[in-house]
2 protein chains.
Amino acid sequence: MTSAGAEPSARRLTARGALTRDRIVRAAADLMHANGVAGTTMDQVVEASGTSKSQLYHYFEDKDALVTAVIKMQAARVMERQEPHLEQLSSLQGLRRWRDAIVRFIDERHAAHGCEIGSLASELTDRSEPARILINATFQHWESYLAAGIRRMQERGQVDPSTDPAELATGIMAAYQGGYLLSQAARSAQPMALALDLAIRNLEALAVQEKRAPEAAS
Amino acid sequence: MTSAGAEPSARRLTARGALTRDRIVRAAADLMHANGVAGTTMDQVVEASGTSKSQLYHYFEDKDALVTAVIKMQAARVMERQEPHLEQLSSLQGLRRWRDAIVRFIDERHAAHGCEIGSLASELTDRSEPARILINATFQHWESYLAAGIRRMQERGQVDPSTDPAELATGIMAAYQGGYLLSQAARSAQPMALALDLAIRNLEALAVQEKRAPEAAS
DNA sequence: GGCAGAATGGACCAGCTGGTCCGTGTTCGC
DNA sequence: GCGAACACGGACCAGCTGGTCCATTCTGCC
C-alpha cells in the first residue's frame, strides 16, 4: 500500500487513473525530498511525472493536498525500508544490525539529503497543523516498532526491565533524527554512527549484567 | 558581537548604517525562523524591519547574502544562550542543569518552532554549499564546548576517560537536534527531555564506579 | 453501441517575488 | 562649508507560481 490518501471527494478511480495519481505523488515526493516542499513547483511536478496541469488538479485539490499525499507515501516508504529490521527485533545484535544498515544507507548516498520524514517535519510542522499531526503520528508509529523490539529484549533479559520501552524508543528516534541532520550537514555518515552508538550503548549499559548469557541458537 | 558577516564589498559602515543593517538581519532571522527561508519574502523583511527595498539591497547583494548573515546571527544567538551553561561545564550536575534549561526553554514556548540552527540546517544544507559549510562549522563549534566540558569531567574522574569527548559531544548534539525535532512535531518538551536523558545517562553509565566520590565544594 | 463520468491537454491568468533604478536626504572628513 | 560617499524612499518590472477553464479523448457499464 504505497499509494497515499485521497481527499478531493472520494471519487472513483479507474486503474489507469490510480496509476497516474501514483506517478504524480512519486514525482512530487522525490522533488520535495531533494528541493523541499516550498522549493518544488507544481510545474516541476507536472514535468517530472509526465502529466499535465489538469491531471494534477484533477487528483489533488491544491498543493496542500498533494503534500499530504507525499507525507503518506514517504511514511510508507520509510516504514517499508525499516520493517525488515524492526519487525522481529528482539536483541541488541539485531539493533546493531539496524544501525549498520542505516549507516551504510547514508554512506552510499554520501550523506546527501536528510530523512524523508525528518525533513518534511522540519519544514511543515510549524506551517501546517494537519501536516504536523500526520508527521507526528508517523513518528509514533515508527517508535512503536522500536519499543516493541526493546520490550522483547527486556523479556529475554537483555535490557533492564525497569525502563519504559516507549521512552527509550523516543530517545533512539531522536538520536536517529539528530544523527541524520548532523550527517547531512557534515556530508558524512559518522555523526549518525556516533549518535546511534551512543543510544545503543545506553541499552547495553542497562543490560542485565549477565552479558554473556546463554545465547539461543542464532 | 551579534552582527553578522558583510560581503557586498566591505564598504564603510556608519554607526547609523550598522544599526539599520542589524535591524534587517534581526527581522529576517525572526521571520525565517518562524516561516522558513523560502517562506520569507524580501518584502516581509522590509516591512518587519521598518526599512525599504533600497536599503535591503544596499546592505545585501541578494537574498543569499541576507541568509548568510542570518545564519551567522542565529549561530551567535544560540551560542550566547548556551555559553553560560557550557562555558565552565565540568560535572554531570552541570550537564543536567543544561538539560533542564533546554527543556524549560522549549516548554515555555510550547514547543513551537525548532532549533534556530537545526531548522536552517534542514532547509539549506542541500540547497547551498556555502550555507552548509557555515552551518556545519557552527555545529562543530557548539560541540567543541560540550567536548571541553566532558574532558573536564574525565579529568575529575566523573566520566570514563577512554571515550573520545568529541565523539560523545557529537552524540549529545544529535540527541539535542533530534529531540528538538520530535518535540516540535509533538508540541511537547517531553521528547527533548527523553533524548537528553538518554544521552546523559550514557555518560553516567560510563562514569567511574566511585559514584559517590569526594565532591568538591559546589 | 452509446452515454455518463473519468482522464487528459494545454492555453490562460492574477498576484506575488526577487531584484532594479533613480532621485533625495544625511553624514563624515578635510 | 562642501563634496563624496553613505543612507534612504519607493515606484517599477520581468518572470514565476499556484490555480482555472474548457475542449477533447477514453473507459466502464448497462
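The values are calculated or read from the model by the stated rules, or taken from the named source; none is laboratory data. Please read these numbers as outputs of a predicted model, since none were measured by experiment. Counting neighbours? That spans all protein chains shown, and the Cβs are built from the backbone with ideal geometry, glycine included. Side chains are part of the model used for accessible areas, which takes the heavy atoms of the whole protein and leaves out ligands, DNA and RNA. Shrake-Rupley method; radii C 1.70, N 1.55, O 1.52, S 1.80 Å.
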Of (1) away from DNA strand D (no atom under 12 Å from the Cβ); (2) open to solvent by less than 20 Å² (accessible area, probe 1.4 Å); (3) closer than 25 Å to A:ALA131 by Cβ; (4) more than 14 Å from chain B (Cβ to nearest Cβ), A:ALA48 satisfies every one except (2)
When every residue in segment B:78-96 that is buried (at least 16 other Cβ atoms within 10 Å of the Cβ) and within 10 Å of the chain's Cα centre (by Cα) is compared, the one modelled with the lowest pLDDT is B:GLN82
Scanning segment A:115-124 for residues that are within 7 Å of another protein chain (Cβ to nearest Cβ) and either surrounded by fewer than 24 Cβ atoms within 10 Å (Cβ to Cβ) or out of contact with any His (no Cβ under 9 Å at 6 or more places or on another chain) (or both) gives A:GLY118, A:ALA121, A:SER122, A:GLU123
Scanning segment A:38-61 residue by residue, those under 19 Å from B:ASP126 (Cα atoms) and either in contact with a Lys or Arg (Cβ under 8 Å, 6 or more places away or on another chain) or near DNA strand C (Cβ under 7 Å from one of its atoms) (or both) turn out to be A:GLY39
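Results for (1) in a helix (DSSP H, G or I); (2) buried (at least 16 other Cβ atoms within 10 Å of the Cβ); (3) at the interface with chain A (Cβ under 7 Å from one of its Cβ atoms); (4) modelled with pLDDT of 95 or more, shown as yes or no for each residue.
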site: B:VAL159; (1), (2), (3), (4): no, yes, no, no
site: B:GLU167; (1), (2), (3), (4): yes, yes, yes, yes
site: B:GLY171; (1), (2), (3), (4): yes, yes, yes, yes
site: B:GLY178; (1), (2), (3), (4): yes, yes, yes, yes
site: B:ARG212; (1), (2), (3), (4): no, no, no, no
site: B:SER218; (1), (2), (3), (4): no, no, no, no
